[in-house]
1. Tell me, which residue of region 159-181 that is outside any helix (DSSP H, G or I) and under 21 Å from the mean Cα position of the chain (by Cα) is nearest to ligand 1 (Cβ to nearest atom)?
2. Here are the criteria: (1) open to solvent by 50 Å² or more (accessible area, probe 1.4 Å); (2) in a helix (DSSP H, G or I). Tell me which single one Ala10 does not satisfy.
3. Can you tell me which of Leu188, Leu127 is over 21 Å from Ala14 (Cα atoms) and in a helix (DSSP H, G or I)?
4. Filter region 198-213 for residues that are in contact (Cβ under 8 Å) with a residue 12 or more places away in the chain and open to solvent by 40 Å² or more (accessible area, probe 1.4 Å) and give the result.
5. Can you work out which of the residues in region 14-59 that are over 18 Å from Ser150 (Cα atoms), outside any helix (DSSP H, G or I) and among the hydrophobic types (A, V, I, L, M, F, W, C) is most open to solvent (accessible area, probe 1.4 Å)?
6. Name the single residue, out of those in region 150-196 being among the aromatic types (Phe, Trp, Tyr) and closer than 20 Å to Leu2 by Cβ, that is nearest to ligand 2 (Cβ to nearest atom).
7. Conditions first: (1) assigned to a helix (DSSP H, G or I); (2) modelled with pLDDT under 95; (3) charged (D, E, K, R). Glu233 passes all but one, so which condition is the exception?
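The values are calculated or read from the model by the stated rules, or taken from the named source; none is laboratory data. All figures in this text were calculated on a predicted structure; none of them were measured in a lab. No Cβ is skipped: glycine too gets one built from the backbone with ideal geometry, and neighbour counts run over all protein chains shown. What goes into the accessible areas is simple: the full protein's heavy atoms, side chains included, and nothing from ligands, DNA or RNA. Shrake-Rupley method; radii C 1.70, N 1.55, O 1.52, S 1.80 Å.
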Amino acid sequence: MLKHTSHTIAILNAMGNSEKCPLCHLWEKDEEREIGHLLSNEVVMDPGFRDKVLLAKGFCSYHSHKLFKAIYTDFREDSLGLALYFQGIADAVLDELVTISSYTRETPKRGGTTSRIRKRRLDFSNLSSGVSKAIQGKQACPACQSLEASDRAHLNTLLRMLDDEDFRGDFRSSLGLCLPHFASAFSLLSQTSLANSGEVALALMGTEISHLQSVGQLLSEFIKKQSYEFLNEPRGEEVKANSIALNTLTGVEGRYSGS
Ligand SMILES: [Zn+2]
Ligand SMILES: [Zn+2]
């Protein structure tokens, strides 16, 4: 019998309230919370967290734009925090570029009756790796790190729920997972000890196959109705075919890893 906690209830709610993969639904909710959290005074003014942002040389492009959008498009958050993050990153990159450029500057040659200037021979491969190091962080984007940790916790909860026979039955009649989360579920399953891991693998695989078959049928119906002879046919569920296929094949926007 499945023992419910706030973690299992979150998975059940995501399965009941979304037409998407439940883990993608939870990712979006976590991301919205995370963006607000990152721009809160409490986090922005935390020197330890600011150091973490600097170590990563800021947020990834995707999350930088998300932070910007939360302020200037959605008007949900205050702009000061983002400016402070950006200032720290720009200063850090500038310092490193100034150091690199001091090695590449033209230098006077000693000796001779007139002082001549000549260029030092540039080592372009060292220069290129120095520029990459100056710009790239030593750690992943802090927002990605936090979301990936939550995602892994949700996946772990789902696998433990699937160990329960009754829940496996409910899961088999659900929409299943997007392909990136399906791959992650199998990867985590191989590292997790469950009482019924074989049954869990079969439930994941069976649900995914029937979900992909439904997506294929919807796409066929949608494509068929684009032709002239079906122009006046009433439209149905297939109008959502591209949206459902987008979530199924690529998962939620911004989730890159398949591990
Ligand atoms: Zn997903
Ligand atoms: Zn990120």
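1. Applying the filter and picking the extreme gives Cys178.
2. (1)
3. On inspection, the qualifying residue turns out to be Leu127.
4. Once the filter is applied, which keeps residues that are in contact (Cβ under 8 Å) with a residue 12 or more places away in the chain and open to solvent by 40 Å² or more (accessible area, probe 1.4 Å), region 198-213 yields Glu199, Ser210, Leu212.
5. Filtering region 14-59 for residues that are over 18 Å from Ser150 (Cα atoms), outside any helix (DSSP H, G or I) and among the hydrophobic types (A, V, I, L, M, F, W, C), the one most open to solvent (accessible area, probe 1.4 Å) comes out as Met45.
6. Phe171
7. For Glu233, the failing item is (1).
The rows are residues; the columns are (1) acidic (Asp, Glu); (2) within 15 Å of ligand 2 (Cβ to nearest atom); (3) at positive phi.
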residue: Ser6; (1), (2), (3): no, no, no
residue: Ala10; (1), (2), (3): no, no, no
residue: Ser18; (1), (2), (3): no, no, no
residue: Glu34; (1), (2), (3): yes, yes, no
residue: Cys60; (1), (2), (3): no, yes, no
